[in-house]
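The values are calculated or read from the model by the stated rules, or taken from the named source; none is laboratory data. Source: prediction; values computed, not measured. Neighbour counts run over all protein chains shown; Cβ positions are idealised from the backbone, glycine included.
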Amino acid sequence: MTFGGKKFAAVMMAAVWVMVFAGAAGAQGTGAHAGLGSQQDALKAQVREHGVRLDTRIDDLASIGAKLEDAQARMDSVRGRANELRSQTREMNRDLEIQHQIYEVSKARYEEQARAAYKGHDLEGLAILLRSFLGGGSPGSIPDIRVAGILLDGQQNLETYGDDRSTLSNTVRQLAQKKRDYKEMLEEEQVQADNLRKQEKNLDAAIARIRSHRNQAEARLQQLKARERARILRARSATGGGAKPQGEVVVPRSVELSSNRDLPRDDGRPEREPTQAPRRKVVQPRETERTTEQERTHQEVERTTEQERTTEQERTTAQEDTMKETESQIAQENIYVQPVENLTQADYMELYQKAARDYGFARDWYILAAVGKIESNHGQNMGSSSAGAMGPMQFLPSTWESSGVDGNGDGKANIMDPEDAIPAAAGYLRAGGAPRDWYAALYSYNHADWYVKDVLAVAEGYRKMANDDSVGPYI
């Protein structure tokens, strides 16, 4: 084989190997790209699921915090009342002690007066009289009218003091019973408060775990995105990101000499090194001209494609504006649109469950709740969308004309009222295939594959938080 034939064969062999390696690299890059895409979708679903779980845990924590505040207020009220009763008991005990002292003093004084009035008569008879009057027995005969008067007055006063003392004693007993009752109430409130604090602590720990998992998933997602960006940059560079040289290409003398030394002669002997530097060779730029022409053609195609893309975007924007104006006109003229009082998330959850039961997919109410979460965050964002949709379930007014319902029976199908919009959404999903085919049902609600995946991911988060294994998993 001649030198020219060998050189041609070598070039062809090199070209074949380049094509083989390029094909393998392309296939490997495609597989890696698909793998990264699936990992990103899975991580995005995890982030959305963690977000839903975090929102629910925070709502639970807020509810427990409110209950704890109520329990603390009741405990403070019970403590205040117990302190009041304790103070009243101390005052009545002092009054009772005073009454007892007065009673004893009065009793002694009346006995002394009776002895003085008896003037030394038989003391045994005086003792009998005193026992009769002071002890409540029958006095029998009274030898001295003056002694009898003193004893009668004393007996009445002592009976009055006795009644007062009895009343005070009863009051003290009642206060002591109330004090015991309030103490029991305080102990019960304390137990309830301790339980609420434990729940609060557990929720704090759960929120911390969920946030940690979400942060890890987001960090992993960012890593995958960075790898994808690096892969794209490498791909651009491999396909010729640099500019091609224009015009003549002059081979440097050093490179030319090196190349000449490496090439064998036709007779197999190495060629002698030239004693005189050859003139510079000028390479005719035929290949360069072809490449330049291809680039011009490629650039022209890109410009045409960009113009067509811009025109299509302008056409799409004009169509969206026209659609939104049409939907706005329908909202003003053909349907009932009236803002309503905001409901809590717990109220929304009850409406989702009721509507799911009414439309035949009670166990899958998590999916209906996920639609409400994505569409308006359970009534937080009910304004008109870029397409003109509105309300808690983001119905188009044109769709509401045929699919709206009066869920609360007030005589009006209000697109802004969750009591009407949520049952309407449940009916729309049922008509679209639920619960037999949730993908078809959700796709009929919003014609986008990403939307179906997002809704099912959020629904899975709700299902897991409820620890409901009777349905799902949805992803």
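One table, with the values for the structure above:
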| quantity | calculated |
| --- | --- |
| Filter pass, residue 318 being exposed (fewer than 11 other Cβ atoms within 10 Å of the Cβ), part of a helix (DSSP H, G or I), at negative phi and not assigned by TED's automatic domain parsing to the domain that holds residue 57 | yes |
| Counted residues, region 428-461 - those being closer than 16 Å to residue 47 by Cβ and either more than 21 Å from the chain's Cα centre (by Cα) or outside the structural domain of residue 400 (by TED's automatic domain parsing) (or both) | 1 |
| Total residues in region 340-393, condition polar (S, T, N, Q), without any contact (Cβ under 8 Å) to a residue 24 or more places away in the chain and more than 30 Å from residue 469 (Cα to Cα) | 2 |
| Matching entry among 434, 424 (being out of contact with any strand residue (DSSP E or B) (no Cβ under 6 Å at 6 or more places or on another chain), at pLDDT 95 or above and under 28 Å from residue 338 (Cβ atoms)) | 424 |
| Selected residue [in a helix (DSSP H, G or I), among the hydrophobic types (A, V, I, L, M, F, W, C) and modelled with pLDDT of 85 or more] from 232, 210 | 210 |
